[in-house]
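Visitor: After the structure tokens below, expect a handful of questions from me.
The values are calculated or read from the model by the stated rules, or taken from the named source; none is laboratory data. Keep in mind that what you see is a predicted model, and the values were worked out from it rather than measured. As a convention, Cβ positions derive from the backbone with ideal geometry for all residues, glycine included, and neighbour counts pool all protein chains shown. When the accessible area is computed, the model is the full protein with side chains, heavy atoms only, and any ligands, DNA or RNA have been set aside. Shrake-Rupley method; radii C 1.70, N 1.55, O 1.52, S 1.80 Å.
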Amino acid sequence: MLKEGIKGYSELTVTEEMAAKNVGSGTLMVFATPAMIALMEKTAWESVQPELEEGSGTVGTALNVKHVAATPMGMKVTCETELIKVEGRALTFSIKAYDEAGLIGEGTHERFVVYNEKFQAKADAKRG
């Protein structure tokens, strides 16, 4: 059962594939904002997945994130999430990311619990 207070944690080492220059979000070889956001989403969904019924998952529906500091290649980045609100199937997380020097990003992230097969079928039906 999903309850407020569920926490998530993950970490990675920044590689060239995660650089702004290589993901199309800028021209510099620093940790890209889209890569940071992907880490935040991954940390959030992984934190609640064990509490969901079989065949269910979550999809991201909203992000409000600030990227407050640059991270160079090769540095470790960690992410922490906390489920702060559960309203039916709507979930809200507090999210923070850090590199070895301190805070690099923070905000909130919303996800929605779905039934995977039904959700996938509805998305696939858009092709006609």
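Visitor: Of everything in segment 14-27, what is touching a residue at least 12 places away in the same chain (Cβ under 8 Å) and either aliphatic (A, V, I, L, M) or open to solvent by less than 70 Å² (accessible area, probe 1.4 Å) (or both)? Give them in sequence order.
Guide: Residues satisfying the conditions are 14, 15, 18, 19, 20, 23.
Visitor: Would you confirm whether any residue within segment 103-123 is within 27 Å of residue 27 (Cα to Cα) and over 15 Å from the mean Cα position of the chain (by Cα)?
Guide: So far as segment 103-123 goes, yes, one or more of its residues are within 27 Å of residue 27 (Cα to Cα) and over 15 Å from the mean Cα position of the chain (by Cα).
Visitor: A follow-up question, please. Being open to solvent by 90 Å² or more (accessible area, probe 1.4 Å) and in contact (Cβ under 8 Å) with a residue 40 or more places away in the chain is the filter here; which residues of segment 29-58 pass it?
Guide: Of everything in segment 29-58, just one residue is open to solvent by 90 Å² or more (accessible area, probe 1.4 Å) and in contact (Cβ under 8 Å) with a residue 40 or more places away in the chain, namely 45.
Visitor: Going by the structure shown, is residue 95 of a type outside the set (Lys, Arg) and crowded, with 18+ Cβ neighbours inside 10 Å?
Guide: Yes, satisfied.
Visitor: Among the residues of segment 101-119, write down those that are within 17 Å of residue 52 (Cα to Cα) and open to solvent by 40 Å² or more (accessible area, probe 1.4 Å).
Guide: Within segment 101-119, 110, 112, 115, 116, 117, 118, 119 meet the criteria.
Visitor: Does residue 62 meet the test of being more than 18 Å from residue 115 (Cα to Cα), modelled with pLDDT of 95 or more, hydrophobic (A, V, I, L, M, F, W, C) and assigned to a helix (DSSP H, G or I)?
Guide: No: the conditions fail for residue 62.
Visitor: I've got another one for you. Can you tell me which residue within segment 69-98, out of those that are assigned to a strand (DSSP E or B) and out of contact with any strand residue (DSSP E or B) (no Cβ under 7 Å at 6 or more places or on another chain), is nearest to residue 1 (Cα to Cα)?
Guide: 86
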